[in-house]
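Just so you know, all these numbers are worked out from the coordinates, no wet-lab data involved. Keep in mind the model is a prediction, meaning the values are calculated, not measured. Backbone-built Cβ (ideal geometry, glycine too); neighbour counts: all protein chains shown.
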Amino acid sequence: MKFAVLVAILADDLEEKALDVARDAGAAGVTILDARGIGAQEKKTFFGLTYEGSQSVLVFVLEKKLSLVVLKRLTAELDLKNDSRGVVFTLPLEHIAGIDTRQIERFEQRIKDDI
């Protein structure tokens, strides 16, 4: 079975919606990190103070086929093609240890259901 890491870097206010979309698409576990980023555009200032919006980084370990499904759903439902408030990408996983066996069973069941 092949796995991928799906990473979603999103504006903080999109976190809950992204989690709901990912769960509905079949993702189970996620690691959530708080982040800050520097974009291509200058930051907004107000009385000399610079506002830097906070971001959430969602990290999923998914079966490779499922990672593409989740990526497409997040892109569509969070309108990431038109609204530059986040980025979603996948990375292949070569080696993995410690994944919950129930998660693997869910992946296997999903594959059987597809067949």
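Identify, please: which residue in region 63-98 is touching a residue at least 60 places away in the same chain (Cβ under 8 Å) and assigned to a loop (DSSP other than H, G, I, E, B) and is, among those, surrounded by the most Cβ atoms within 10 Å (Cβ to Cβ)?
The residue in question is LEU78.
Of the residues that sit in region 15-32 and are within 11 Å of the chain's Cα centre (by Cα) and of a type in the set (A, V, I, L, M), which one is surrounded by the fewest Cβ atoms within 10 Å (Cβ to Cβ)?
ILE32
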